[in-house]
1. Dipole of region 31-361 (Lys/Arg Cβ +1, Asp/Glu Cβ -1, origin at the Cα centre): which of G266, Q185, A166 lies farthest to the positive side?
2. Would you pull out the residues with amide H under 5 Å of V182's amide H, same chain only if 5 or more places away, H placed 1.01 Å from N?
3. Quick query: amide H of Y343 versus all other amide H atoms, modeled in the peptide plane; which residues come in under 5 Å with a sequence gap of 5 or more or a different chain?
4. Suppose every Lys and Arg Cβ carries +1 and every Asp and Glu Cβ carries -1, with no other charges. What dipole size does region 31-361 come out with about its Cα centre, to the nearest 20 debye?
5. Roughly speaking, what % of Cα-Cα pairs in region 226-364 are separated by over 19 Å, rounded to a whole number?
6. How large is the charge dipole for region 103-260, taken about the Cα centre, if only the Cβ atoms of Lys, Arg (+1) and Asp, Glu (-1) carry charge, to the nearest 20 debye?
7. For region 40-82 and region 257-288, write down the distance between their C-alpha centroids in whole Å.
8. If I model a spin label as a point 7 Å beyond the Cα along the Cα-Cβ vector, how far apart are those points for A98 and Y176 in nm?
Amino acid sequence: MAFTLLSRSPRLVICALLCIFLFSEVGVPRRASALGINYGQVGNNLPSPPHVVQLLTSLRIGKVRIYDVNPQVLSAFAGTGIELIVTVPDDLVPGMAASASQALQWVTAGVRPYFPATRVTGIAVGNEVFTGDDEQLKASLVPAMRNLHAALAQLGMDTYVRVSTANSLAVLATSYPPSQGVFTQDAAPYMAQLLRFLADTSTPFWINAYPYFAYKDDPTKVSLDYALSNPYHVGAVDPYTHLQYTSMLYAQVDAVTFAAARLGYGNVPVHVSETGWPSKGDANEAGATVENARQYNRNLLMRQVSGEGTPLRPKLRLEVYLFALFNEDMKPGPTSERNYGLYQPDMSMVYNVGLNQLSTTSAASLSLATSPATRTDVRKDFGSLCLVTSLAILLITQALLL
């Protein structure tokens, strides 16, 4: 359907999709948000969780994603107010899909004992599952997410803890121009199931997006300024929407939003669960330098502080989790994989992105809290959004008949 829709009347279709995005911002308050960061632990020389929490608190970083349910980490975050996303590893997903009791047991043992003192606000189920080779895992992902959500509801935690999954940008068959974003034929059936679940539970779609990879693969054709999100350059203009992009990352996010809209889920917000730039790499890893890493992360920080949204949704500040807090010396792969951190394991800075200066900014501008009241307000607007979406679907139907 998506490919037919594009081929028959792309401009009318883009107009209909833009209606969804334009009106989806009406009446929806801008949520307080700020910098999030990924706290990986694949290293043998990392500081203790209490020391990590001290560092994060001093920097006013209030959103953190971890890749397990490490009891020491969960305990260390108790009472801090820092929002925490925890992770279900891939190998547990099929069992949770097959058994609601396994999902309940995992939440009861791994999350419930620390909640609400530790402010767990999200559960990431697997990581980049839909671009892997395990077909059973792909088929199990959304059923496992549904069982986890049911477990949270049974424990009275579903109002506070959202269930999602981080996706690779490779779920897109087309990402440029952003308005032509569409999921791959292999991923589309799974994406429809996932997006339906996310819409039903008012949960964002998470994407791991790395402009660095695009630059590394073709540094002679990809603009470094564009990949680094440098604000003062021409960038790229989408020929269908005429929106101007100075950030490849923001263009990638809008491409995902358009792809979701083509499946009927244009109102599902897209958040960046991982993005970063390595400060060191092998000889064949173009652009992996300290200066580029500093510039990339600082540019994203400045966009966060200014409350900037993507060109498609300028009024909604894009939520971004930087990768990563520390360089991790035990990660496999090329040199770059071990050099994404803002900090060395001894907690000295790899480079200064301005976090020290930002830490003096008012708590309001960097507040990560999303109160239950805010969530309720968003839900009140859902009916209006559904009406607008229905009108846009009528426009798309007309495009199909042309």
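1. Ranked along the dipole, the leading option is G266.
2. A173, T174
3. Long-range HN contacts for Y343: F326, N327, V350.
4. Roughly 1020 debye, rounded to the nearest 20.
5. Working: 5417 of 9591 pairs.
Above the 19 Å cut-off, region 226-364 has 56 percent of its Cα pairs.
6. Charge dipole, region 103-260, about its Cα centre: 500 debye, nearest 20.
7. 24 Å
8. 4.4 nm
Every read-out reported here was derived from the displayed coordinates using simple, explicitly stated rules and does not represent laboratory data. Predicted model only: the values in this text are computed from it and were never measured. Cβ sites come from the backbone with ideal geometry, for glycine too, and all protein chains shown count toward neighbours.
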